[in-house]
Amino acid sequence: MAEIVPDTKMNANAAADDEKLVLKVRDLHTYFFTDLGVSKALNGVSFEIPQGKTMGIVGESGCGKSVTALSIMRLVPRPGKIVKGKVTLYRRPKGASSNSSVVEEVDLTAMDVMSAKMRGIRGNELAMIFQEPMTSMNPSYTIGDQIEEAILLHQKVDHTEAEKRAITILDRVGMANSKGVIKRYPHELSGGMRQRAMIAMALSCTPSVLFADEPTTALDVTTEAQILDLMREIQQQINSTIVFITHNLGVVAQMCDTVAVMYLGRVVEQSSVDDTFYSPKHPYTMALLSSIPHAGSHKKDRLQPIRGVVPDPYSSIKGCPFHPRCNYFKPKVCDQAMPGITQVGPNHIVRCFLYSDAVGE
């Protein structure tokens with residue numbers, strides 16, 4: 001496995017004060033009310049994303065990465081519900097630079113999920129590449145029908161023009177024989193082709209914010225590299241913002257400007273990609289990086305897994321939720337109160353008692 005080193009030329013510090021925001025999330029709580037109890041999938045998530053940049057969200061399975069994206073998109077399935085928090089979308093003309101003035105500030109959490117305005121934003125200004133296209137696409141409709149549907153819903157064109165645009169976007173994502181592909185069904189395509197079709201569907205209306213939920217998980221490394229290059233190229237062309245959800249820290253190093261590390265429904269550390277890899281502060285971030293094998297190492301030491309497992313989502317842990325697995329655990333401190341957010345550097349925040357006695361909720 002190649003050593004993971006962030007591309008410092010590509011990944012400049014994205015959180016500079018003079019950059020304009022496209023999305024702001026504040027104290028977002030999303031709970032699932034089931035017969036087994038209440039699962040607090042998100043328990044106070046906050047972050048900001050500048051326009052035209054890429055933010056990575058990383059963490060183990062079950063930490064709330066996908067639910068964060070679904071909550072912002074207002075696609076949380078039942079019995080899930082946003083119980084607290086605010087998500088603000090700063091609308092600008094599509095393709096505009098970060099210096100363009102805000103046309104409108106939209107509180108997404110205050111809108112009805114099925115209102116005309118929310119449906120006009122979802123798929124048009126906010127789009128999502130789902131984790132597994134085989135289960136995300138409708139097997140009863142052709143690839144062309146599914147891409148054209150988004151175009152017809154959000155743009156004033158007829159079916160003939162929608163088909164032309166579908167072929168164009170498939171060509172743009174590197175799909176071979178796009179005129180033939182639009183007449184085929186999802187099961188007739190390979191994994192890489194389905195992934196390209198899913199990306200084409202998400203990009204069909206040139207969204208301002210694109211959520212990519214593990215978009216390369218099931219792909220071979222060659223196809224993965226092609227998909228990542230494609231996403232970066234299209235981002236530069238339309239000046240979109242990408243929220244990249246992944247387990248793969250190598251992809252984070254290659255693609256992202258900033259990184260938010262999540263654990264049990266909270267952001268425990270957020271910083272530039274350089275600080276994440278070269279100056280991690282939270283014990284969980286350190287443990288994630290230590291568990292990765294490095295090419296060229298001559299040591300025969302065993303890999304260092306993170307001890308323990310992610311707690312049951314229905315359980316309630318007093319204090320810092322990571323303290324049962326933490327190598328820096330302070331008795332009668334970490335198990336008594338939730339650590340607050342501490343600024344440890346320029347645009348670098350962490351939620352840990354190692355750096356401050358501040359207590360949070």
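The values are calculated or read from the model by the stated rules, or taken from the named source; none is laboratory data. Since we're looking at a predicted model, the values are computed, not measured. In this analysis, Cβ positions are derived from the backbone assuming ideal geometry, glycine residues included, and neighbour counts consider all displayed protein chains. The protein model used for the area step is the full one, side chains on, heavy atoms only, and it has no ligands, DNA or RNA in it. Shrake-Rupley method; radii C 1.70, N 1.55, O 1.52, S 1.80 Å.
Out of LEU42, LEU36, I need the residue that is touching a Ser or Thr at 6+ places or on another chain (Cβ under 7 Å) and over 23 Å from PHE277 (Cα atoms). Which one?
LEU42
For the stretch 129-145, give me the residue count where each residue is at pLDDT below 90 and open to solvent by less than 40 Å² (accessible area, probe 1.4 Å).
Residues flagged as at pLDDT below 90 and open to solvent by less than 40 Å² (accessible area, probe 1.4 Å) within the stretch 129-145 amount to 3.
Out of VAL333, VAL310, VAL259, I need the residue that is at pLDDT below 90 and either surrounded by 20 or more Cβ atoms within 10 Å (Cβ to Cβ) or not hydroxyl-bearing (Ser, Thr, Tyr) (or both). Which one?
Answer to the selection: VAL310.
Looking at the structure I just gave you, is VAL87 within 24 Å of the chain's Cα centre (by Cα), β-branched (Val, Ile, Thr), closer than 20 Å to ARG26 by Cα and open to solvent by 40 Å² or more (accessible area, probe 1.4 Å)?
When the stated conditions are applied, VAL87 does not pass them.
Search the stretch 91-111 for residues being modelled with pLDDT of 75 or more and assigned to a loop (DSSP other than H, G, I, E, B), and hand back the single one that is surrounded by the most Cβ atoms within 10 Å (Cβ to Cβ).
Only one residue fits best here, namely ARG92.
For the stretch 223-251, which residues satisfy the criterion of being of a type in the set (S, T, N, Q) and touching a Gly at 6+ places or on another chain (Cβ under 9 Å)?
Matches in the stretch 223-251: THR223, GLN226, GLN235, GLN236, GLN237, ASN239, SER240, THR241, THR246.
Tell me the residue from GLY56, GLY62 that is modelled with pLDDT of 90 or more and either closer than 29 Å to ILE292 by Cβ or assigned to a strand (DSSP E or B) (or both), please.
Answer to the selection: GLY56.
Only one of PRO207, PRO186 is more than 22 Å from the chain's Cα centre (by Cα) and under 20 Å from LEU75 (Cβ atoms). Can you tell me which?
PRO186
Which condition number in (1) surrounded by fewer than 18 Cβ atoms within 10 Å (Cβ to Cβ); (2) at pLDDT 90 or above is the one that ALA218 fails?
In the conditions (1) surrounded by fewer than 18 Cβ atoms within 10 Å (Cβ to Cβ); (2) at pLDDT 90 or above, ALA218 misses (2) alone.
Which of the residues belonging to the stretch 138-153 are touching a helix residue (DSSP H, G or I) at 6+ places or on another chain (Cβ under 7 Å) and of a type outside the set (S, T, N, Q)?
PRO139, ILE143, GLY144, ILE147, GLU148, ALA150, ILE151, LEU152
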